[in-house]
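The structure appears right after this line, and notes come after that.
The values are calculated or read from the model by the stated rules, or taken from the named source; none is laboratory data. Since this is a predicted model, take the numbers as computed values, not measurements. All Cβ positions, even for glycine, are placed from backbone atoms using ideal geometry, and neighbour counts span all protein chains on display.
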Amino acid sequence: MTEHPKTEAPLSSPAESPEEAAATRRHFLQGMAATAFVAACSPLEREAFFQRHFKELNKDELARVLARLSQGYSERFHKQVTVSAEPAASGVLFGYALDLSRCIGCRRCVYACVEENNQSRDPQIHWITVLEMEKAGGVDVMHANAYYDADEVPRPGHFYMPVQCQQCEHPPCVKVCPVQATWQDADGIVVVDYNWCIGCRCCMSACPYGARHFNWGEPTIADAEVNPETHYLGNRPRPRGVVEKCTFCVQRVRNGRYPACVEVCPVGARKFGNLLDPTSEVRYVIENKRVFILKEELGTSPKFFYFYGV
Amino acid sequence: MHRLSVLVAFGLFVWVSACGGNHERAAYLRTAPGVAPSGAREDAADAKDFPVPPPPFSEGVFPCSQCHADMTPDLEVRDLGEHDGIELHHGPRDRWCFDCHNPDNRDMLRLASGRLVPFSESYRLCGQCHGDKYRDWRMGVHGKRSGEWNGKKQYLLCAHCHNPHAPRFKPLAPLPPPKRPDEIL
Amino acid sequence: MLFYKFFLGSLRIVTHGGKAYFAWLAFLFLIIGVGVLGYGEQLSHGLIRTHMRDQVSWAFYIGNFTFLVGVAAAAVVLVIPAYIYHWPPIKEIVVLGELLAVSAITMCLLFVTVDIGRPERFWHMIPFLGRWNVPSSLLAWDVLVLNLYYILNFVIATHIVYRGFTRREYSKSFALPLILFSVPLAVSIHTVTAFVYNGLPARPFWNSAILAPRFLASAFCSGPAIMLVMLQLLRKYARLDIKDEAIWKIAELMAYAMFLNLFLFGAEIFREYYSATEHLLFTEYLFVGIRGHNAIVPFAWLSLFCSIVAFLLFLVPATRKNPVTLNIGAFLIYAGVYIEKGIALVIPGFTPSTLGDIYEYGPSRVEVMVTIGIYGVGFLLFTLMVKVATAIMRGEFHVDVEASLRQPGISPIAGAAPGGS
């Protein structure tokens, strides 16, 4: 159930032709079949349907789930895909700092994130949105432009502000989820159990940062472009109809590595580390630069700090 | 009736505090009170603390001594001939080659103190003027860092991002904008 | 056994009727078919077939859901005046109200079902079976109160109708507490639904303390508007004894409700425009458009126009008592509140998005098809239930309990006459 093979017809334009009408009928029948699947599906699919919440799985069950997912992805993408469930380390609380005086709005981070985290290429999903704002207007997201294009950036008179999940200490998205499909892990990362999410999108309404994204259609990634090193709560390929978000690259950072966006940034505007470690880069930023958090009036207490390194 | 309303009020309070409340900010900053991490690497002028890739020389240009060994240093501001690709846009107009390059041994750079440093440690030279940037860079806050957030890090030399002769960061072509919602079909 | 006969008899009633009745049923089945086709398409392609996107992530479905929660709530709140003023056809009004509520909640649940991305995982929301996120998630509460209300109304309506079938008065000790309980529950379903929006500081347009009162005020306009038309139809075609005074009283109450609705709206508008903060953008998008984006502006003004005209029609006794202007008023109220909840509430909440993006949403072909289909289901359900209920209330469909006890083999069902709604 969770990982349908992609339906063979391409996403068609709104215009209807006879062939499309026939395709619609075919899809309708497929849809009906999908609803009746519980009775008729394979044992593996039934197992996916009845899978418990991630936090309720014991060690053996989790191992089974990971093996099932790994097998499914490997068959689907024709290469070995691993799915880990590396837990949060103790004594670690992840924080992020982004230097607004450096960012030039080149969007390298956006696409590095897409590749690292297996976002759907079509329909397009980006976890990072880079906002272009006028220097004279200050940080004013309501008048920001995310669709700027130019031969070269930065454009005169403008500055740039990438926005992604702010990993709030008081995440409104977690509060509103009716089924606890999203929660804040011990290292502060807000994660989603894609196998538990019902796709009601309350969290998207609640998020003040536009950080949550929905799989409106069947997500697609070319086999060659799939990042095979995945995490259950992070970058494993998502099914249709669930919400996804930035996890600070949970699959990387829980193995000591920097998030992909940090490593790709050509101007070094992105800083990452452990907020509980006084010698970490983020702590240095907080104590030596003046930082601000986005929409502080909403009481979300982001662990994502903007600063002016100058 | 009164008791009931107290009960209702209490119930409301419990509910509201269960799902809202607790907006204490940034408790993690108190985990190590009084620590000023800015000093952590202040004195660590040991090059092994800053692993960097080889300096970004133009092809065939290094070692400089292969041409300069037998030349007499010329301090005049002039057309550079062999090096005419170099346009100097770095600070005041009277800046010239030997403010940084060493006239006697061109394969080294020279600090204001007269001490020589290799190109692979050019940050010491830049840091003479750009002290604040140097400090941030040592902490991993100025410039790009890769590797492990809690372990080995890969640094870059200043010159990897800033052409030392014209250090302003060059604009880049942005990658494509996201699709607008009505283009996602 | 008796209940089995009740069931069979009901089946006979709903399968017999005049040409108009079957034409109506055929029409309903047709639009249900349209909805099923639309939903089939949505199931096989995903919600990409709607025009919802990340920027406007709830829209027409949830707007309709919200509107219908109001209808369901208000239908039952009519019970209060019926009791206070001792209207003679109280039983009829209660039953109709409950049946309308049952139909409306059915549609609500259907709208939620078609809106979610993984409907087959609905069991994750069931307490103890899944992980029900109380107390913090308001949607979790909403699911609870909606289902409670659903069951309650179904039980009350079935009880009264079934008692009528067995020619007994409904049990006051059983039904009355339930009826009275259904009134605060009616208020709570709409309040909790308002809180689902209200509790999101990320969306300033909804984050106003008077949102829940506004929801209730508008619901007390739209729910009775439907009831008003229903009562007249039933009086005419189902020959139920419903007095003019009852209808006028409902209309008068609607005028008060509409006044409150407009007053609260005015208070909101004052705050937005006088303080003119950044949050004004959303109201501006609704009423004048921003940066050339004005797709929903006509709807906003149309809704306001309908509401004001209806208010005047219901306020003036002469137009309130004239059946033509009364029905025009009912229609205008219905239209005004439907546009307000279906379009003017949800969409400006998301436009501009939290990052300033403006996406002009309008429902897609599939969304319209599915929505029509769901209304078809609701109307069908209501038609069938009302047909049985009116037959019983007219005394045409009943069982003689003693007779059936004497001769258990013979079906004592009295004439399930054709005709009716």
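Looking across the stretch B:155-178, the residues that are surrounded by 13 or more Cβ atoms within 10 Å (Cβ to Cβ), within 11 Å of another protein chain (Cβ to nearest Cβ) and in a loop (DSSP other than H, G, I, E, B) come down to B:Tyr155, B:Leu156, B:His162, B:Phe169, B:Pro171, B:Pro174, B:Leu175, B:Pro177, B:Pro178. Quick test of your reading of the structure: A:Glu116 fulfils all but one of (1) within 12 Å of chain B (Cβ to nearest Cβ); (2) out of contact with any strand residue (DSSP E or B) (no Cβ under 8 Å at 6 or more places or on another chain); (3) not hydrophobic (A, V, I, L, M, F, W, C). Name the failing condition by number. It fails just one condition, (1). Applying the set (1) more than 7 Å from chain C (Cβ to nearest Cβ); (2) touching a Leu at 6+ places or on another chain (Cβ under 9 Å); (3) buried (at least 24 other Cβ atoms within 10 Å of the Cβ) to A:Trp216 leaves exactly one unmet item: (1). Restricting attention to the stretch C:78-87, does a residue exist that is at pLDDT below 95, within 17 Å of the chain's Cα centre (by Cα) and surrounded by fewer than 24 Cβ atoms within 10 Å (Cβ to Cβ)? For the stretch C:78-87, residues at pLDDT below 95, within 17 Å of the chain's Cα centre (by Cα) and surrounded by fewer than 24 Cβ atoms within 10 Å (Cβ to Cβ): present.
Name the residues in the stretch C:230-243 that are at pLDDT below 85 and not basic (Lys, Arg), would you? Selection gives C:Met230, C:Leu231, C:Leu233, C:Leu234, C:Tyr237, C:Ala238, C:Leu240, C:Asp241, C:Ile242.
Residue count for the stretch A:133-158, restricted to those that are at the interface with chain B (Cβ under 7 Å from one of its Cβ atoms) and among the small types (Gly, Ala, Ser): 2. What number of residues within the stretch B:40-57 satisfy the criterion of being assigned to a loop (DSSP other than H, G, I, E, B) and without any contact (Cβ under 8 Å) to a residue 12 or more places away in the chain? Of the residues in that region, 2 qualify. Of all residues in the stretch B:87-102, those satisfying the criterion of being surrounded by fewer than 12 Cβ atoms within 10 Å (Cβ to Cβ) and acidic (Asp, Glu) are B:Glu87, B:Asp94. Per the conditions (1) free of Cβ contacts under 8 Å to residues at least 12 places away in the same chain; (2) under 26 Å from A:Ala206 (Cβ atoms); (3) surrounded by fewer than 22 Cβ atoms within 10 Å (Cβ to Cβ), the sole criterion not satisfied by C:Ala212 is (1). Determine whether A:Pro239 is crowded, with 19+ Cβ neighbours inside 10 Å, in contact with a Ser or Thr (Cβ under 6 Å, 6 or more places away or on another chain), closer than 22 Å to C:Leu355 by Cβ and touching a residue at least 40 places away in the same chain (Cβ under 8 Å). So A:Pro239 fails the test.
Do the conditions hold for C:Pro224, that is, is it surrounded by fewer than 19 Cβ atoms within 10 Å (Cβ to Cβ), under 23 Å from the mean Cα position of the chain (by Cα) and of a type outside the set (A, V, I, L, M, F, W, C)? It is false that C:Pro224 is surrounded by fewer than 19 Cβ atoms within 10 Å (Cβ to Cβ), under 23 Å from the mean Cα position of the chain (by Cα) and of a type outside the set (A, V, I, L, M, F, W, C).
Output the residues belonging to the stretch A:296-310 that are outside any loop (DSSP other than H, G, I, E, B) and under 19 Å from the mean Cα position of the chain (by Cα). Matches in the stretch A:296-310: A:Phe304, A:Phe305. A Cβ distance below 6 Å, combined with a sequence gap of six or more or placement on separate chains, defines the contacts here; from the stretch B:88-104, residues that are aromatic (Phe, Trp, Tyr) reach residues that are assigned to a loop (DSSP other than H, G, I, E, B) and modelled with pLDDT under 85 in the pairs B:Trp96/B:Val77. Put simply, of A:Ala186, A:Ala211 the only residue that is touching a residue at least 60 places away in the same chain (Cβ under 8 Å) and within 14 Å of chain C (Cβ to nearest Cβ) is A:Ala211. Pairs are defined by a Cβ separation below 7 Å, a sequence spacing of at least 6 or placement on different chains, a first member in the stretch A:215-235 that is outside any loop (DSSP other than H, G, I, E, B), and a second member that is among the β-branched types (Val, Ile, Thr); the pairs so defined are A:Glu229/A:Thr82; A:Thr230/A:Val81; A:Thr230/A:Thr82; A:Thr230/A:Val83; A:His231/A:Val250. Looking across the stretch B:113-154, the residues that are without any contact (Cβ under 8 Å) to a residue 12 or more places away in the chain, outside any strand (DSSP E or B) and in contact with a strand residue (DSSP E or B) (Cβ under 7 Å, 6 or more places away or on another chain) come down to B:Val141, B:Arg145, B:Trp149, B:Asn150.
Rundown of residues vs (1) closer than 30 Å to A:Phe54 by Cβ; (2) surrounded by 14 or more Cβ atoms within 10 Å (Cβ to Cβ); (3) within 14 Å of another protein chain (Cβ to nearest Cβ); (4) of a type in the set (Ser, Thr, Tyr), yes/no style:
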| residue | (1), (2), (3), (4) |
| --- | --- |
| C:Asn133 | yes, yes, yes, no |
| C:Ile151 | no, no, no, no |
| C:Ala157 | no, yes, no, no |
| C:Ile160 | no, yes, no, no |
| C:Phe165 | no, yes, no, no |
| C:Lys172 | no, no, no, no |
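Looking across the stretch C:135-178 at every residue that is part of a helix (DSSP H, G or I) and among the aromatic types (Phe, Trp, Tyr), the one that is farthest from C:Leu99 (Cα to Cα) is identified as C:Trp141.
A quick yes/no check of all residues on (1) away from chain A (no Cβ under 14 Å); (2) surrounded by fewer than 17 Cβ atoms within 10 Å (Cβ to Cβ):
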{"site": "B:Glu82", "(1), (2)": "yes, yes"}
{"site": "B:Arg110", "(1), (2)": "yes, no"}
{"site": "B:Arg124", "(1), (2)": "yes, yes"}
{"site": "B:Ile184", "(1), (2)": "no, no"}
